[in-house]
1. Looking at region 48-142, which chymotrypsin sites (Phe, Trp or Tyr not before Pro) are in a loop (DSSP not H, G, I, E or B) and have at most 13 other Cβ atoms within 10 Å?
2. Which of the trypsin sites (Lys or Arg not before Pro) found in region 148-204 are in a DSSP loop and have at most 15 neighbouring Cβ atoms, other than their own, within 10 Å?
3. Multiply the residue separation of Arg345 and Ser215 by 0.36 nm, subtract the distance between their alpha-carbon atoms, and state the gained length in nm to one decimal.
4. Give the calculated FRET efficiency between Gln186 and Thr45 to the nearest 0.05, with a Förster radius of 56 Å applied to their Cβ-Cβ distance.
5. Given the pairs Lys77/Lys230; Lys77/Lys121; Lys250/Lys314; Lys85/Lys193; Lys230/Lys280, which span a C-alpha to C-alpha distance of over 32 angstrom in this model?
6. Please list, in chain and number order, the residues 5+ apart from Phe61 or on another chain whose amide H is under 5 Å from its amide H, with Hs placed from the backbone.
7. Full-extension gain between Ile177 and Asn324, please, as 0.36 nm times their residue separation minus the C-alpha to C-alpha distance.
8. Trypsin sites (Lys or Arg not before Pro) within region 85-125: which are DSSP loop residues with at most 12 other Cβ atoms inside 10 Å?
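Values in this text are rule-based calculations from the coordinates and carry no lab data. Computed from a prediction, not measured in an experiment: that's the story for all the values here. In this analysis, Cβ positions are derived from the backbone assuming ideal geometry, glycine residues included, and neighbour counts consider all displayed protein chains.
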Amino acid sequence: MKNAATAAARYLHPSQNLSQSPDYHAVANLYAAQLQLCFQHGSTTYSLAPAIHAHMITFGFKPRGHILNRLIYFYCKSFNFIHAKRLFDKIPQPDVVARTTLISAYSASGDPKFARDIFDKTPLRIRDTVCFNAMITGYSHNNDGHAAIQIFNEMRRKGFEPDNFTYTSVLGALALIADHEKHCQQFHSAVAKSGTLWLTSVVNALISVYVKCASSPLASSSLLMSSARKLFNEMPVKDELSWTTIITGKMHSLGIKHDEFTYTNVLSACADAGFFLHGKQVHAYIIRTESNSIREFPVSVNNALITLYWKCGKIDQAKTIFDNILGKDLVSWNAILSAFVSAGRITEAKSFFNEMPNKMAHRKHHLDNHCCEKSLKIEEEKRDFSLFLWNENTT
């Protein structure tokens, strides 16, 4: 902003109209550069945009085109919709960028009706896939699956080509409607024909539709879960959401409750078998599906996580989980001590041992003897321990 102010002051007295100056484009470029900096640095600098706008007004600068679009964007991001709409209304012929920005903003703020009004007033000749995506996503985020599918169908009828963002959004909307089972195969086929079937985000959305459909008491649960599992198995790249979705579906289909006892048992099974990747995905699933923060997980679940990570050789991750447990019990302390002792990190193990609360002192004598004994034998056991870890991670 300082550079733009300096340039404007160099050319004009504040009372002059900068828009009539031969240096308009030079100063416009400086303002554009300042707004671009705000854009690049993210939300922490969005609040600077109104100050830049105020400076434009002070010096009589009337923004046009991409500068107006950027200002509208920043006002929307700051939830200042009044100023955003005021700027929008001053544009004689708003382009699709300005329109799409407002559609997304009003949808995100819970006002899809106003967003739809702007969408409907957008001439077909300037609409593009991004504009349709914004409206579909808006309805999906506002839990109106039928309206989202209606926009999707309109998009295809009018000759616009859906992309991966379109399918991700419309599949999310499909999962919201009660009769979505009959649409599963239809959309699966459309995705396959579009060539986006093996994009992780799209397949995740499609798996989610099958899983949610399978949870309906009126649906063919086994058949739908079979389709979901087939998609999952054939995915070239699986992320945390992929695992979370399929685990959710499988647990529901087996009638398994989502509680601390289930989580503890599953994590313990992964730890005993050395299935670190599977255990990590269960951890991700718990984080995604539970409303509590990690610190508020039941201590038994956190203890199982500590054991999982140290048995798979991830001692530092185990320590991070231990540090975040609010109510550590004896199992927690035993788990972290076992982790460091087994890894040969005796000094750290003794440090944890000395930090144990006095109320657990009756166990200290046994643990102290164990640490000393392990310390004496650690060198000769390194080879065996390395072999043990290798076996644990390749089982």
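1. Answer in residue order: Phe79.
2. For trypsin sites (Lys or Arg not before Pro) across region 148-204 that sit outside H, G, I, E and B with at most 15 neighbouring Cβ atoms in 10 Å, the list reads Lys158.
3. 42.1 nm
4. Here the calculated transfer efficiency is 0.80.
5. Pairs exceeding the cut-off: Lys77/Lys230; Lys85/Lys193.
6. Under 5 Å from the amide H of Phe61: Leu18.
7. 49.0 nm
8. Those satisfying the criteria are Lys121.
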